[in-house]
Amino acid sequence: MIEMKVMGIALDTRTGSPIVVLNDVENRRALPIWIGSAEASAIIRKIENIPSTRPMTHDLFLDIADQSEYQITKVEINDVDDQTYFSTIYMHNKKLDKELQIDSRPSDAIAIALRADVPIFVTTPVLATGLISTDVEKDEQEAQEFKDFIQDIKPSDFEKLLKKNFESDQ
């Protein structure tokens, strides 16, 4: 599982649908998730610090959590099925020492995470299905370094490694 940040909102040029784009902390990989217009608006409002005169839905969620003495601790985007992403909002009540896990659409979870200033994590299976590279040059450099490493390796290197690991286990 890796932590990701909201890079921004983009529009699908074919359909006009909003896409929230998450980046890893190194800005090497991006995860695009298609979302609804209302959720895109909520995310943009927070990113750009646009105030509203009345609480928006995600603000209301945080107010209810606060009044119930629960704190949002993190958000996980943890599953994908047929291009539908699933996420969980984690909440903790210190007094009761109780954690809640709330099923959520990723767009709502992201909007809430931004308002609560908590990390957004994405699981490895989700990353494997939708991650795109944003640093092709670095990827090519690492691939070349790996190829160079493989070319220089000898069978005797494995014997040394196995012997070293066996000795450290004793």
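The values are calculated or read from the model by the stated rules, or taken from the named source; none is laboratory data. From a predicted model like this one, the values you see are computed outputs, not experimental measurements. With ideal geometry, Cβ positions are generated from the backbone for all residues, glycine too; neighbour counts draw on all protein chains shown. Heavy atoms of the whole protein, side chains included, go into the accessibility calculation; ligands, DNA and RNA do not. Shrake-Rupley method; radii C 1.70, N 1.55, O 1.52, S 1.80 Å.
This table checks each residue for (1) over 15 Å from MET4 (Cβ atoms); (2) open to solvent by 60 Å² or more (accessible area, probe 1.4 Å).
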{"site": "ALA30", "(1), (2)": "no, no"}
{"site": "ILE43", "(1), (2)": "no, no"}
{"site": "GLU48", "(1), (2)": "yes, yes"}
{"site": "PRO51", "(1), (2)": "yes, yes"}
{"site": "MET56", "(1), (2)": "yes, yes"}
{"site": "ILE72", "(1), (2)": "yes, no"}
{"site": "PRO106", "(1), (2)": "no, no"}
{"site": "LEU127", "(1), (2)": "no, no"}
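Just so you know, in segment 9-26 the residues that are among the polar types (S, T, N, Q) and touching a strand residue (DSSP E or B) at 6+ places or on another chain (Cβ under 8 Å) include one that is nearest to PHE121 (Cα to Cα), and it is ASN23.
A single member of ILE2, ILE47, ILE19, ILE33 is modelled with pLDDT of 90 or more and touching a helix residue (DSSP H, G or I) at 6+ places or on another chain (Cβ under 6 Å), and it is ILE33.
Scanning segment 114-124 for residues being outside any strand (DSSP E or B) and either at pLDDT below 95 or within 11 Å of the chain's Cα centre (by Cα) (or both) gives a total of 3.
Taking ASN23 as the residue in question, decide whether it is touching a residue at least 60 places away in the same chain (Cβ under 8 Å), assigned to a loop (DSSP other than H, G, I, E, B) and either under 18 Å from ILE2 (Cα atoms) or open to solvent by 50 Å² or more (accessible area, probe 1.4 Å) (or both). So ASN23 fails the test. Among the residues of segment 108-118, the ones that are open to solvent by 40 Å² or more (accessible area, probe 1.4 Å), in contact (Cβ under 8 Å) with a residue 60 or more places away in the chain and either among the charged types (D, E, K, R) or over 21 Å from ALA40 (Cβ atoms) (or both) come to 1 in all. Can you tell me which residue among ALA42, ALA10 is free of Cβ contacts under 8 Å to residues at least 40 places away in the same chain and of a type in the set (A, V, I, L, M, F, W, C)? ALA10 is the lone residue from the list that is free of Cβ contacts under 8 Å to residues at least 40 places away in the same chain and of a type in the set (A, V, I, L, M, F, W, C). Restricting attention to segment 74-104, report how many residues are over 19 Å from PRO125 (Cα atoms), open to solvent by 80 Å² or more (accessible area, probe 1.4 Å) and in a strand (DSSP E or B). Qualifying residue count for the region: 3.
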